[in-house]
Amino acid sequence: MSSGEAARITPYRDGPLLVRGPFTLVDQDGNEIAFHQRTIALCRCGRSSRKPFCDGTHKATGWRADSGAQERPVARFSR
Amino acid sequence: VTLATVNLMSLFGLHRRRRGLIVGHLALFEMTSSIPNRRYATALRRLGVRAARATAFFDEHVTADAIHENVAAVDLAGGLARLEPALVGDILLGARALVELEARWAAHLLDAWAAGRSSLRAPLGQAVAA
């Protein structure tokens, strides 16, 4: 990896956030969440039954998201 | 028919000139395997199989293939397509061949299951003896 030691996070289009090490994963109390791959996929659609990890459910629900940053929303008024 | 899916992998994987085919095959396989693996694992638990040695393989491949689907589709197959655009047709053909053959394979096995017979040409005992 060209960025040396820094962790790298990639949102994949219509998919999860892939985190490539080195990094640690902790819950809000600071307890470490165990995993045993060097790269992990974190749920981005909210439907995983293995949170915080992705379990592929986004494909079954047809969830969509770009890989890059989203444009800021424009308010619309409905009459 | 039962072994055709394995033979397809060998056909695509054994020669460098078929690299687009095997990459397309692998990418689609990884892209579609996390949900079935979760169903295998939960089905085993529904049947009362609690031993981790029975379910670990499937459980592991739920989260592992959720990673692999992106790496295989975007980085591996997408990377090869960007590097060698001439192989795009092969990549798609490899993926389509997987879908087509897996559908035939599944229909064949489920038909055999429903009919109460082996999906193999000869029952396993005879095949080993022959």
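In table form, for the structure just shown:
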| item | result |
| --- | --- |
| Helix-only mean residue ellipticity at 222 nm for chain A, each DSSP H run of n ≥ 4 adding -39500 (n - 2.57), per residue, nearest 500 | -1000 deg cm²/dmol |
| 10 Å Cβ shell holding at most 16 others, DSSP loop, trypsin sites (Lys or Arg not before Pro): longest site-free stretch of chain B | B:51-116 |
| q = 0.29 Å⁻¹: log10 I(q)/I(0) that the Debye formula gives for region B:76-124, counting C-alpha atoms only | -0.99 |
| Neighbour-count order for A:Trp63, B:Trp105, B:Trp113, fewest beta carbons within 10 angstrom listed first | B:Trp113, A:Trp63, B:Trp105 |
| Equivalent-ellipsoid semi-axes of region A:1-50, from the Cα gyration tensor, Å, largest first | 19, 17, 9 |
| Two-site FRET efficiency, A:Ala65 against A:Ile9, from Cβ-Cβ distance with R₀ of 25 Å, rounded to 0.05 | 0.95 |
| Max mean-square fluctuation residue, GNM over chain A, Cα-Cα springs under 10 Å, options A:Leu42, A:Leu25, A:Leu17 | A:Leu25 |
| Full-extension gain in nm, B:Ser119 to B:Ala56, via 0.36 nm per residue minus C-alpha separation | 20.0 nm |
| Estimated vicinal HN-Hα couplings, Hz - region B:86-98 in sequence order (Karplus 6.51, -1.76, 1.60; Gly, Pro = x) | 5, 8, 4, x, 5, 4, 5, 5, x, 5, 5, 5, 4 |
| For region A:1-67 versus region B:28-73, the gap between their alpha-carbon centres in whole angstrom | 17 Å |
| Taking A:Phe77, B:Phe58 and counting other C-beta atoms within 10 Å, the order from fewest to most | A:Phe77, B:Phe58 |
| Proxy reagent accessibility, fewest Cβ within 10 Å first, across B:His61, B:His108, B:His25 | B:His108, B:His61, B:His25 |
| Sites A:Ser78 and A:Val26 - FRET efficiency at Förster radius 35 Å, r taken between beta-carbons, to 0.05 | 0.25 |
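Computed from the coordinates by the stated procedures, all read-outs in this text should not be read as laboratory data. In this text, all values refer to a predicted model and were calculated from it rather than measured experimentally. Using ideal geometry, Cβ is built from the backbone for each residue, glycine included, and neighbour counts are taken over all protein chains shown.
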